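Just so it is clear, none of the values below were taken in a lab; they were calculated from the coordinates. Note that this is a predicted model, so its numbers are computed, not measured. Don't worry about glycine lacking a Cβ; one is built from the backbone with ideal geometry, like all the others, and counts go over all protein chains shown.
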Amino acid sequence: MVYPAFMLTMEVCYPSLRPTVGVMLALPYALMMIILSGMAYCISNWRYLQLAASTPSLVLFPLVCIVDESPRWLLVMGKVQECAKVLKRAARLNSVTLGEKDNVTNTLNNIYMEQLSQSSSSEATNSRCRSWLGGAWALVETSIIRRISLTLMLIWLLQGVLYLGIPLGSDSFSSPFLYMALMGCAEIPAYTVTAPITKRLGRRIVAGSGLLIAGTLILIIMLINQTGLYNEWADLIIMMFAYLFTCTAYQVNFIYAPELFPTTVRPWGTTVCTLLANLGFSIPPFLQDTIAPDVPWLTAAVFGVCGLISGALVFTLPETNGLPLLDTVADLTQRLAGKDNYKLEQEQPDYDNNAYKGDAIHRKSTQIFVVQESSYVKNENNHISSIQSDEMK
């Protein structure tokens, strides 16, 4: 439930706030690691520990009946009536006036029809994406989406190895409980200080540099230990910084992947990336049990190389900072070909300017839902203008 909820948040979040919201969403996870370390110290039986740590997750199930579906996904899938219903509810909860219901429905329907007419293959692609296997095929259907999909899959696999490999090194320290608590403390700046940096520098630089630095630090630890200059606290400090940069890159990639995948394939794309990350999680325990006892430096070498390769791969991806989310594979092709008309979202967009491309519904300082429009908004007589005029009153 956590990953779909994160993706839903990204789809309804205002573009300029997406780095902050996406990174800050992981802050409770850092606090959880600190709390879980204390729980493990007090509860020695692993069964009771598992029960105590898993029980709070039961409160997530009622949220299924409360949280609405993503209006962006509903619109792309052609469920215009349901999309309008979600937007009207969001407007009511945020005390925003959208105008007549028919105007909202007509506007969304016009946007949906405009999206279909942008490419001759859009309707066929959307139809295939509605099917279970069609979504998987859409990830490799064209050369552009195939390159992005395969690159992200490899990145998530390698960063999964690095992300779990560092905490599993707790056995090499005198107090594994203190080690895990300090790793949790290292995650706090990774999920707070990183937010404004990501907004300023972009996803690619922060994620790629984080993985490269983390891999380099682990290789430095390996070289120090091989030369006989081992010091537990020095290793711990360097490992904390390596984990900090790893968590930074991992969380930024949580924002980056949904932004790279269009709405039609975003559920499948993020699911496959998560699956590859979980596959990467299974590799460090195998290395620790089979290779580390005989060749202790090899595991650190593997983790360091994973960081370097995944960091280098990030720099092969296009930047998405400040850009609206894409809805179809055709939109992605146009953007990478330089044929789109998208503009970077500004902190204070001019809602009186009818040529503004992006926001359909807003609450003065808080964005509820961003509708990617393209050429449709160039028409001065469209319904978007009437909705925006109603909001500014």
- Excluding residue 239 itself, calculate the net charge of residues whose Cβ lies under 15 Å from the Cβ of residue 239, where each Lys or Arg counts +1 and each Asp or Glu counts -1. -4
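Sort 322-334, 47-59, 260-272 by packing, meaning the average of other beta carbons within 10 Å per residue, with the highest value first.
On the way: 322-334: 21.8, 47-59: 10.7, 260-272: 23.5.
The most tightly packed comes first, giving 260-272, 322-334, 47-59.
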- What FRET efficiency, computed as 1/(1 + (r/R0)^6) with R0 = 35 Å and r the Cβ-Cβ distance, is obtained for residue 278 and residue 200, rounded to the nearest 0.05? 0.65
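Lys and Arg at +1, Asp and Glu at -1: add these up for the other residues within a Cβ distance under 14 Å of residue 198 and post the number. Could you put the intermediate results ahead of the total?
Numbers: positive: 18, 199, 200, 203, 204; negative: 259, 319.
Charge balance near residue 198 sits at +3.
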- Sort 32-42, 181-191, 285-295 for me by packing, meaning the mean count of neighbouring Cβ atoms within 10 Å per residue, highest on top. 181-191, 32-42, 285-295
- Message: Projecting each Cα onto the charge dipole of region 174-300 (Lys/Arg +1, Asp/Glu -1 at the beta carbon, about the Cα centre), which of 230, 175, 205 comes out farthest on the positive side?
- Response: 205
- Go through 136-146, 215-225 and give me the packing order, highest mean Cβ count within 10 Å leading. 215-225, 136-146
